[in-house]
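Asks: So that we are looking at the same thing, I have put the structure below in C-alpha cells.
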C-alpha cells in the first residue's frame with residue numbers, strides 16, 4: 001500500500017494535470033469560435049464557385065472541355081489526399097479521417113489500382129507511413145500556420161496539378177473531416193479530379209438564364225477549375241481546423257472531469273489511510289498506558 005507521502009504527491013500531480021487540461025480546454029474553446037466562423041464564411045464562396053462552374057460546364061462538351069473537368073477517361077491511377085491534424089490531444093479526430101482513407105486505399109489496391117498518397121498534417125503522415133511509406137509522394141506540415149488562406153492551400157493544389165499534367169494520376173480524392181457542430185465532425189471523401197459538377201446547380205430556364213460568355217466557356221473553365229481546386233482544399237482545411245479544436249475541447253473537458261474523479265478517489269483513499277494510521281497509533285498509546 002502506498003505511503004501517505006506518496007498519496008499526497010499523487011494527488012498533487014493529478015491536480016497539476018487537471019489545471020493543464022482545463023487551460024487547454026479554454027484555449028481550444030476560444031480558437032474554436034474563430035475557426036468555426038472562418039469555415040462557415042468559406043462555404044458560400046465555394047458553393048457559388050461550384051455553381052458558376054456547373055453553369056459553364058453545361059455548355060461545354062467534346063474535345064474542347066478542360067481536362068480537369070472531364071478527366072483522362074481512365075481509372076487506373078489514383079491520388080489520395082489525407083488532410084488531418086498537426087497536433088494531438090484531440091481524441092479520435094485524426095484516427096477517424098485516416099481510418100476512412102485507409103478503407104478507400106485498401107479497396108483501390110485490392111482492385112489492382114496504382115495509388116499515390118499526399119499527407120497534409122504531421123499526424124496523418126505518422127499514421128499512414130507505417131503502412132504506405134512507399135506510396136507517399138508528398139507531405140505538408142501546416143503547424144507553423146496560425147490562419148489558413150489560399151496561400152496555404154496553393155502548394156497542395158500545385159502538387160496535384162503537376163502530377164495530373166504529367167500523366168501520373170487519373171483520379172484525385174480528398175479526405176478530411178467536415179465540421180457540422182461541436183460534437184459532430186464527419187470524415188468525408190471529396191473527389192477533386194475529375195471535377196464533380198453539381199446537377200442541382202445547373203442553369204435555370206427562362207430569359208434570365210441566357211448568358212453570352214467572353215471569352216468562351218472553355219477558356220473561362222481553364223482558369224476557374226484550378227482556382228476551384230485550391231478553394232476546395234482550403235475549405236477542407238478550414239473545416240479540419242474547426243473540427244480539431246472542437247475535438248480537442250471535448251477531449252480536454254473529458255480529461256478534466258476524469259482528473260476530478262481521480263482526485264476524489266485518491267483523496268478518499270488518503271483520508272482512510274490517514275485515519276487508519278491515527279487509529280493504530282492511538283491503540284498503541286492506549287495499550288502501552290494500560291500495560292504500565
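The values are calculated or read from the model by the stated rules, or taken from the named source; none is laboratory data. The shown structure was predicted, so the numbers you read here are calculated from the model rather than taken from an experiment. Don't worry about glycine lacking a Cβ; one is built from the backbone with ideal geometry, like all the others, and counts go over all protein chains shown.
Asks: Check whether at least one residue in the range 155-176 is part of a loop (DSSP other than H, G, I, E, B), within 17 Å of residue 242 (Cα to Cα) and at pLDDT below 90, and report yes or no.
Replies: No: the range 155-176 contains no residue that is part of a loop (DSSP other than H, G, I, E, B), within 17 Å of residue 242 (Cα to Cα) and at pLDDT below 90.
Table: residues versus (1) more than 21 Å from residue 193 (Cβ to Cβ); (2) touching a strand residue (DSSP E or B) at 6+ places or on another chain (Cβ under 7 Å); (3) assigned by TED's automatic domain parsing to the domain that holds residue 42.
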| position | (1), (2), (3) |
| --- | --- |
| 129 | yes, yes, yes |
| 132 | no, yes, yes |
| 137 | no, yes, yes |
| 150 | no, no, yes |
| 157 | no, no, yes |
| 173 | no, yes, yes |
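Asks: Among the residues of the range 195-206, is any more than 22 Å from residue 73 (Cβ to Cβ), at pLDDT below 75, in contact with a helix residue (DSSP H, G or I) (Cβ under 8 Å, 6 or more places away or on another chain) and in a helix (DSSP H, G or I)?
Replies: yes
Asks: Given the structure, is residue 40 without any contact (Cβ under 8 Å) to a residue 12 or more places away in the chain and in contact with a helix residue (DSSP H, G or I) (Cβ under 9 Å, 6 or more places away or on another chain)?
Replies: Taking the combined requirement at face value, the residue satisfies it.
Asks: Inspect all residues belonging to the range 21-43 and state whether any of them is surrounded by 14 or more Cβ atoms within 10 Å (Cβ to Cβ), touching a strand residue (DSSP E or B) at 6+ places or on another chain (Cβ under 7 Å), in the same structural domain as residue 175 (by TED's automatic domain parsing) and assigned to a loop (DSSP other than H, G, I, E, B).
Replies: no
Asks: Right, here's the next one. Take the range 245-271 and flag every residue that is under 16 Å from residue 94 (Cα atoms) and out of contact with any strand residue (DSSP E or B) (no Cβ under 8 Å at 6 or more places or on another chain).
Replies: Hits for the range 245-271 are 245, 248, 249, 250, 251, 252.
Asks: Related question: Applying the selection to the range 96-116, what residues are in contact (Cβ under 8 Å) with a residue 40 or more places away in the chain and touching a strand residue (DSSP E or B) at 6+ places or on another chain (Cβ under 6 Å)?
Replies: Matches in the range 96-116: 96, 97, 100, 101, 116.
Asks: Being loosely packed, with under 13 Cβ neighbours inside 10 Å, modelled with pLDDT of 75 or more and either assigned to a helix (DSSP H, G or I) or not assigned by TED's automatic domain parsing to the domain that holds residue 222 (or both) is the filter here, so list the residues in the range 48-74 that pass it.
Replies: Selection gives 48 alone.
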